[in-house]
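A.B. asks: Here it is, the structure, as structure tokens.
The values are calculated or read from the model by the stated rules, or taken from the named source; none is laboratory data. Remember, predicted model here, so these are calculated numbers, not experimental data. Here Cβ is always computed from backbone atoms with ideal geometry, including for glycine, and neighbour counts include all displayed protein chains. Only protein heavy atoms, including side chains, enter the accessible area calculation; ligands, DNA and RNA are left aside. Shrake-Rupley method; radii C 1.70, N 1.55, O 1.52, S 1.80 Å.
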Protein chains: 2
Amino acid sequence: MADRSRRAVLLGGAAAAGVGAVAAVGMDAFAAGRASDARAAAEAAAVSGNGPRTIPFHGEHQAGIEMVPQAHQSLVSLSLKPDTDRDTIRRLLITLTDDAARLTRGTYALADSEPELALVPARLTVTFGFGRGLVDRVAPGAAPAWLSDLPAFPIDRLHQWWNGGDLVLQIAADDPLTVAHAQRMLLKDSRTATTVKWVQTGFRRAYGSERPTRTTRNLLGQVDGTVNTIPGTDDFAGVVWRGATENPAWLAGGTGFVVRRIEMLLDKWDRLDRTGREQSVGRRMDSGAPLTGRRETDEPDFAATSPSGFPVIAEFAHIRRARTDDPRQRVFRRAYNYDLAPEVGQTSNSGMVFTSYQHDVTAQFLPIQRRLAEVDLLNEWTVPIGSAVFAIPPGCAEGGHIGETLFT
Amino acid sequence: MADRSRRAVLLGGAAAAGVGAVAAVGMDAFAAGRASDARAAAEAAAVSGNGPRTIPFHGEHQAGIEMVPQAHQSLVSLSLKPDTDRDTIRRLLITLTDDAARLTRGTYALADSEPELALVPARLTVTFGFGRGLVDRVAPGAAPAWLSDLPAFPIDRLHQWWNGGDLVLQIAADDPLTVAHAQRMLLKDSRTATTVKWVQTGFRRAYGSERPTRTTRNLLGQVDGTVNTIPGTDDFAGVVWRGATENPAWLAGGTGFVVRRIEMLLDKWDRLDRTGREQSVGRRMDSGAPLTGRRETDEPDFAATSPSGFPVIAEFAHIRRARTDDPRQRVFRRAYNYDLAPEVGQTSNSGMVFTSYQHDVTAQFLPIQRRLAEVDLLNEWTVPIGSAVFAIPPGCAEGGHIGETLFT
């Protein structure tokens with residue numbers, strides 16, 4: 001809670017005073033530990049809006065995780081071509097690292113044929129994750145045990161199209177044209193060694209629409225992500241970043257990355273009234289407060305009962321099933337909405353690109369997911385249709401490249 | 001040019017001084033002729049960013065046209081069900097008008113099951129257009145002559161999927177979640193009377209990324225839309241809005257709406273060097289200046305020749321083919337980018353949702369399109385894959401409904 005208050009002062013308070021952009025810059029740079037960058041970016045933001053803001057690419061951890069999420073994101077999953085060998089993978093990573101470092105600074109990549117599209121970084125980040133296939137091809141035996149497909153859950157209706165991949169690029173910025181350009185540049189430099197497996201784009205509230213630290217709503221209308229560890233805190237580091245003593249050593253400073261594509265059955269959700277929705281989630285639809293509380297951040301009282309003796313928060317309510325007293329079972333989630341053209345006869349083709357970051361997928365993510373898959377009222381209206389797990393290697397210094405620790 | 005300077009003062013100058021949001025609010029309200037709204041919105045924007053900004057729904061003309069375009073847009077084309085009769089269409093329009101009036105104010109629609117998603121208008125507009133099918137069903141003989149499919153052009157590779165429709169909704173806002181929610185609400189209220197024909201979503205630079213009046217670049221990297229009539233000017237009114245004496249009378253205060261889905265062959269475009277690109281367009285890639293000038297807004301000198309006697313702007317360059325000395329052959333264009341997941345083996349699935357507004361499609365749009373279809377170097381890298389024409393009826397007052405003049 002202290003962390004939350006500190007964040008509120010850093011961001012919410014300043015935003016309420018009308019200088020949200022500057023405060024948010026401060027937060028990003030704070031998370032990355034670069035005060036001078038914060039000052040320069042804040043000055044640029046004050047003059048020109050959000051376009052010139054940058055997030056440092058180099059560092060102990062990769063960028064794009066410990067920060068207030070950008071408004072737009074594209075996840076690009078690539079399959080290595082059969083003849084792409086270890087050396088080719090290394091050259092690929094060197095090239096893509098160089099592209100990402102330049103683009104995230106707001107400068108164009110080498111051989112960028114539309115260089116002017118690169119000049120609005122808008123907090124662009126590019127984050128790399130490795131699938132089991134890539135790790136096995138570079139360094140057999142080096143994959144952590146959790147780096148493989150998740151076990152099948154009875155609720156899953158996975159389409160092969162949306163699963164897996166050898167290399168994932170998480171490309172995110174507050175400007176959709178910036179994301180589109182960066183994606184194209186990175187794909188052009190990947191095409192000799194890879195093919196595209198899937199691309200999942202998503203959006204959140206636009207920059208400037210709301211206070212950047214406000215918990216956003218998903219397309220169910222639900223306040224989503226209240227219980228989440230907070231970037232810039234020791235708690236966050238403990239949940240997300242892999243320590244120096246964890247095995248394998250090449251992943252120290254990295255993390256585990258789970259991608260779940262979750263379809264929302266909005267036409268069915270429509271037939272549920274407001275009370276039914278609140279019972280399913282265990283929170284009020286208006287405020288996001290638990291049914292036993294008044295404010296979004298109030299702790300749910302799972303023991304509370306109604307006058308007739310039933311639990312106020314139902315046994316199968318989402319927040320009860322998601323919650324645990326085991327402090328290890330926590331993840332950092334970062335979810336985006338998708339909303340595609342409806343199929344014939346439907347009024348929606350919508351859902352969520354759920355992603356979570358945790359240093360150990362088996363110990364942290366799986367138990368939560370198992371509980372939710374077993375009984376969670378929300379399962380009636382949400383269907384997992386894609387699933388993938390990646391290892392996110394640590395960041396690199398200037399002159400290095402992402403993934404270099406895997407090659408040593 | 002005087003208009004352009006005036007716009008520069010109104011917007012560019014103020015934006016450079018760091019109050020872009022406020023200036024842009026002033027512009028929107030200026031276009032709609034509501035000074036008090038401008039003040040209220042500007043105050044809201046100064047405190048809370050872009051989320052609370054609203055564009056008035058009611059008025060002589062429909063909203064969503066005479067304004068600085070929003071960052072996100074969804075065009076939804078609907079087909080009337082076979083048994084949807086005149087009275088049902090009228091009830092549909094009354095319902096959708098009410099939804100649109102509420103949502104664009106930042107309040108929820110009646111029966112909105114996710115009302116909290118409606119509270120961030122972010123300059124939301126909903127604009128209605130009627131296809132030939134709707135007009136014929138409501139008032140046979142009332143359609144203007146130009147309200148039908150465009151003639152076939154040799155460059156077209158139209159997919160039936162992306163063509164036509166009986167009723168189009170142009171839903172646009174600076175926030176993608178706002179667009180998604182409004183679209184869903186409007187589709188829910190349309191589903192008894194219509195089916196979805198197509199949905200085309202698109203994006204421009206995010207709000208706050210650039211000065212709002214800056215000419216944006218498309219995914220070819222091209223400065224696109226330099227020559228465009230300017231909202232808020234008499235010139236704009238002459239190009240776009242139908243006069244009181246034009247036939248049919250029910251369209252007075254409305255306009256004609258052309259939608260063209262244009263695929264960009266980015267993989268092929270990549271193989272063209274910078275000089276080749278500049279020759280194709282007739283403008284410099286960096287500044288957007290004509291090849292005979294220095295600044296974007298310089299008038300091209302089509303008579304200029306190189307020392308060896310060739311024209312500096314090639315005979316088949318896009319800007320030469322698009323240009324005319326006939327003052328009637330002008331339109332207001334409002335283009336959005338699309339960038340979908342690449343097909344297998346490709347690195348892009350990208351292009352533009354081109355839309356133009358003109359009071360007479362035959363007299364204004366067709367001659368330009370014919371010249372471009374005949375010979376335009378850019379045709380090598382762009383392919384029309386969808387086409388539709390709609391009549392945009394005038395706006396309505398509170399208590400009225402969009403399309404009411406068609407029913408009298």
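A.B. asks: How many nanometers, to one decimal and shortest first, lie between the label point of A:Pro327 and those of its other copies, if labels sit 7 Å from Cα toward Cβ?
C.D. replies: 7.7
A.B. asks: What does the charge dipole of chain B about its Cα centre add up to, to the nearest 20 debye, if the Cβ of each Lys and Arg holds +1 and the Cβ of each Asp and Glu holds -1?
C.D. replies: The dipole magnitude comes to about 340 debye.
A.B. asks: Could you pull the accessible area for A:Val344 with a 1.4 Å probe, rounded to 10 Å²?
C.D. replies: 120
A.B. asks: A follow-up question, please. Over the stretch B:158-220, what percent of the accessible surface lies on carbon and sulfur atoms, probe 1.4 Å?
C.D. replies: Summing carbon and sulfur atoms, their accessible area is 49 percent of the total for the stretch B:158-220.
A.B. asks: Please report the relative contact order for the stretch B:44-170, taking Cα pairs under 8 Å with a sequence separation of at least 6, and give it as a percent rounded to a whole number. Mind dumping the intermediate values first?
C.D. replies: On the way: 150 pairs, mean separation 45.7, N = 127.
Result for the stretch B:44-170 is 36 percent.
A.B. asks: Give me the percent relative contact order of the stretch A:253-408, please, defined on Cα pairs under 8 angstrom at least 6 residues apart.
C.D. replies: Working: 263 pairs, mean separation 59.0, N = 156.
About 38 percent, as a whole number.
A.B. asks: Using a probe radius of 1.4 Å on heavy atoms only, what accessible surface per residue do you get for the protein assembly as shown? Whole Å² is fine.
C.D. replies: Here the residues of the protein assembly as shown average 38 Å² of exposed surface.
A.B. asks: Separate question: For chains B and A related by rotation, which residue of B has the Cβ nearest the axis, and what is the rounded distance in Å?
C.D. replies: For the rotation taking chain B to chain A, the closest Cβ gives B:Gly208, 3.
A.B. asks: Given contacts defined as C-alpha pairs under 8 Å and at least six residues apart, what's the relative contact order of chain A, whole-number percent? Present the calculation step by step, with values, prior to reporting the outcome.
C.D. replies: Numbers: 831 pairs, mean separation 92.2, N = 408.
Reported relative contact order: 23 percent.
A.B. asks: Return the average number of partner chain Cβ atoms within 10 angstrom of each residue Cβ along peptide B:212-218.
C.D. replies: Mean partner-chain Cβ count within 10 Å for B:212-218: 2.
A.B. asks: While we're looking at this one, here's another question. How big is the Cα convex hull of chain A in projection, averaged over all directions, in nm²?
C.D. replies: 20.6
A.B. asks: For chain B, what does the helix formula give at 222 nm: sum of -39500 (n - 2.57) over DSSP H segments with n ≥ 4, over the residue count, nearest 500 deg cm²/dmol? Write down the numbers at each step before the final one.
C.D. replies: Numbers: 11 runs with 106 residues, N = 408.
That calculation yields -7500 deg cm²/dmol at 222 nm.
A.B. asks: In peptide B:354-360, how many Cβ atoms from other protein chains are near each Cβ within 10 Å, on average?
C.D. replies: If you average over the peptide's residues, the count of other-chain Cβ atoms is 0.
A.B. asks: When you look at the Cβ of every residue in A:184-192, what mean number of other chain Cβ atoms sits within 10 Å?
C.D. replies: Per-residue shielding by partner chains comes out at 3.
A.B. asks: Between copies, how close do the B:Gly276 label points come, placed 7 Å along Cα→Cβ, listed in nm from shortest?
C.D. replies: B:Gly276 label point versus its equivalents elsewhere: 5.9 nm.
A.B. asks: Also, quick follow-up: List the aspartates and glutamates whose Cα sits under 17 Å from the Cα of B:Lys81, skipping any in the same chain fewer than 8 residues away.
C.D. replies: Of all the aspartates and glutamates, those that pass the test against B:Lys81 - Cα under 17 Å, at least 8 places apart if same chain - are A:Glu343, B:Asp136, B:Asp166, B:Asp189.
A.B. asks: Which order do peptides B:274-283, A:269-278 fall in by mean Cβ count within 10 Å, highest first?
C.D. replies: Ranked by mean Cβ neighbours within 10 Å, highest first: B:274-283, A:269-278.
A.B. asks: Jot down the per residue volume, in cubic angstrom and as a whole number, of the convex hull over the alpha-carbon atoms of the protein assembly as shown.
C.D. replies: 168
A.B. asks: Before we go on, tell me the buried accessible area for the A/B pair, both chains summed, 1.4 Å probe, in Å² to the nearest 100. Show your work: numbers first, answer last.
C.D. replies: On the way: alone 17960 and 17960 Å², together 31330 Å².
So the buried area, both faces added, is about 4600 Å².
A.B. asks: Shortest first and in nm to one decimal, what separations exist between A:Val344 and its copies in the other chains, measuring from label points 7 Å along the Cα-to-beta-carbon line?
C.D. replies: Result, one decimal in nm: 2.3.
A.B. asks: With r defined as the distance between the Cβ atoms of B:Glu299 and A:Ala303 and R0 fixed at 56 Å, what FRET efficiency is calculated, to the nearest 0.05?
C.D. replies: The calculated FRET efficiency here is 0.15.
A.B. asks: Please list, in chain and number order, the residues 5+ apart from A:Thr382 or on another chain whose amide H is under 5 Å from its amide H, with Hs placed from the backbone.
C.D. replies: Those lying under 5 Å, H to H, from A:Thr382 are A:Leu265.
A.B. asks: Using a 1.4 Å probe on protein heavy atoms, which residues of the stretch A:241-269 have at least 20 Å² less accessible area in the complex than alone?
C.D. replies: The answer is A:Leu266 - residues whose exposure falls by at least 20 Å² when every protein chain is included.
A.B. asks: Using a simple charge model, +1 on the beta-carbon of Lys and Arg, -1 on the beta-carbon of Asp and Glu, nothing else, what dipole does the stretch B:303-376 show about its Cα centre, in debye to the nearest 20?
C.D. replies: Its charge dipole is roughly 260 debye.
A.B. asks: Considering only C-alpha atoms, what is the centroid distance from the stretch A:94-168 to the stretch B:97-175, in Å?
C.D. replies: 37
A.B. asks: Pulled fully out, how much extra length does the chain show between A:Arg86 and A:Arg328, if you take 0.36 nm times their separation in residues and subtract their Cα-Cα distance?
C.D. replies: 83.6 nm
A.B. asks: What list of ³J(HN,Hα) values in whole Hz, one per residue of the stretch A:325-333 in order, does the Karplus curve 6.51 cos²θ - 1.76 cosθ + 1.60 (θ = phi - 60°) give from phi, with Gly and Pro shown as x?
C.D. replies: 8, 7, x, 6, 7, 9, 9, 9, 9
A.B. asks: Using +1 at the C-beta of Lys and Arg and -1 at the C-beta of Asp and Glu, which of A:Pro394, A:Asn379, A:Met352 has the Cα lying farthest in the positive direction of the dipole of the stretch A:315-408?
C.D. replies: After comparing all options, I get A:Asn379.
A.B. asks: Something else: Using a Gaussian network for chain A with springs between C-alpha atoms less than 10 Å apart, which of these wobbles most: A:Ala109, A:Ala249, A:Ala143?
C.D. replies: Looking only at A:Ala109, A:Ala249, A:Ala143, the largest GNM fluctuation is found for A:Ala249.
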